[in-house]
Amino acid sequence: MKEYIPLDVKIIRKSTKIVALALGLLCLCAGIYMRSVYTIIVGALILLAMVLQKKTAVTERGIEVTYDMILFKRVELWSFDEIQEIHKELSPDGNRYALHMMKDIMSKRLVFPIPVAEEVIALALAKNPRIHVAFVD
């Protein structure tokens, strides 16, 4: 099964991860020392947020966003049957398209090189010919 991975993947800097891990551990230790359940919960949530990994891809099934934590994995799927519109936005340098995939009132913005974006649009139209494709200025 072919996957199209968007270019605009945001990676958390190493310094941000270190600071967040230190803050999470500090909250856990302070919560245990002060016997504060809320501080322990905040510390645990900060630590869990740092181990979360998110992957977005366009596949044969649609747009799949996979959230992977150590303890569990969740996949959010927008099938092509649910997508109603695709808006193409050309980047200022003219090398990429930002595809705005619309489902009801929600939108996902995925950036691809122009040839890959055309393949994604062709795949979407093959799966659901009712999708309206428009160019946005």
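The values are calculated or read from the model by the stated rules, or taken from the named source; none is laboratory data. No experiment lies behind these values; they were computed from the predicted model shown. Note: ideal-geometry Cβ built from the backbone for every residue, glycine included; neighbour counts use all protein chains shown.
Scanning the stretch 110-126 for residues that are free of Cβ contacts under 8 Å to residues at least 60 places away in the same chain and either in contact with an Asp or Glu (Cβ under 9 Å, 6 or more places away or on another chain) or assigned to a loop (DSSP other than H, G, I, E, B) (or both) turns up nothing. Just one of the numbered conditions (1) among the hydrophobic types (A, V, I, L, M, F, W, C); (2) at pLDDT 90 or above; (3) surrounded by 14 or more Cβ atoms within 10 Å (Cβ to Cβ) is not true of Cys29: (3). In the stretch 1-17, the residues that are modelled with pLDDT of 85 or more form Cβ pairs under 6 Å with partners that are part of a loop (DSSP other than H, G, I, E, B), at six or more places apart or across chains, as follows: Glu3/Thr59. Has the stretch 52-63 got any residue that is farther than 30 Å from Val136 by Cα and loosely packed, with under 13 Cβ neighbours inside 10 Å? For the stretch 52-63, residues farther than 30 Å from Val136 by Cα and loosely packed, with under 13 Cβ neighbours inside 10 Å: present. Here is the figure for the stretch 78-89: residues that are out of contact with any Leu (no Cβ under 8 Å at 6 or more places or on another chain) and closer than 13 Å to Met106 by Cα total 5. For a quick check of your reading of the model, give me the residue pairs whose first member lies in the stretch 71-91 and is without any contact (Cβ under 8 Å) to a residue 24 or more places away in the chain, whose second is surrounded by 12 or more Cβ atoms within 10 Å (Cβ to Cβ) and of a type in the set (Val, Ile, Thr), with beta-carbon atoms closer than 6 Å and at least 6 apart or on different chains. Sorted first by the residue in the stretch 71-91, then by its partner, the pairs are Val75/Thr66; Glu76/Val65. Might you let me know whether the stretch 78-89 holds any residue that is of a type in the set (Lys, Arg), modelled with pLDDT of 90 or more and more than 17 Å from the chain's Cα centre (by Cα)? Scanning the stretch 78-89 turns up at least one residue that is of a type in the set (Lys, Arg), modelled with pLDDT of 90 or more and more than 17 Å from the chain's Cα centre (by Cα). Restricting attention to the stretch 66-75 and to residues that are out of contact with any helix residue (DSSP H, G or I) (no Cβ under 8 Å at 6 or more places or on another chain) and surrounded by 12 or more Cβ atoms within 10 Å (Cβ to Cβ), the residue that is nearest to Glu3 (Cα to Cα) turns out to be Thr66. The listed residues are Glu76, Glu64, Glu85, Glu89, and the only one of them that is touching a His at 6+ places or on another chain (Cβ under 6 Å) and among the acidic types (Asp, Glu) turns out to be Glu85.
Being small (Gly, Ala, Ser) and in contact (Cβ under 8 Å) with a residue 24 or more places away in the chain narrows it down to one of Gly43, Gly24, Gly31, so name that one. It would help to see each step written out before you state the result.
Values: Gly43 fails: in contact (Cβ under 8 Å) with a residue 24 or more places away in the chain; Gly31 fails: in contact (Cβ under 8 Å) with a residue 24 or more places away in the chain.
So the residue among Gly43, Gly24, Gly31 that is small (Gly, Ala, Ser) and in contact (Cβ under 8 Å) with a residue 24 or more places away in the chain is Gly24.
Take the residues of the stretch 52-75 that are modelled with pLDDT of 90 or more and not in a strand (DSSP E or B): which is nearest to Ala20 (Cα to Cα)? The selected residue is Thr59. Taken over the stretch 9-41, the criterion of being assigned to a loop (DSSP other than H, G, I, E, B) and among the hydroxyl-bearing types (Ser, Thr, Tyr) is satisfied by Ser36 alone.
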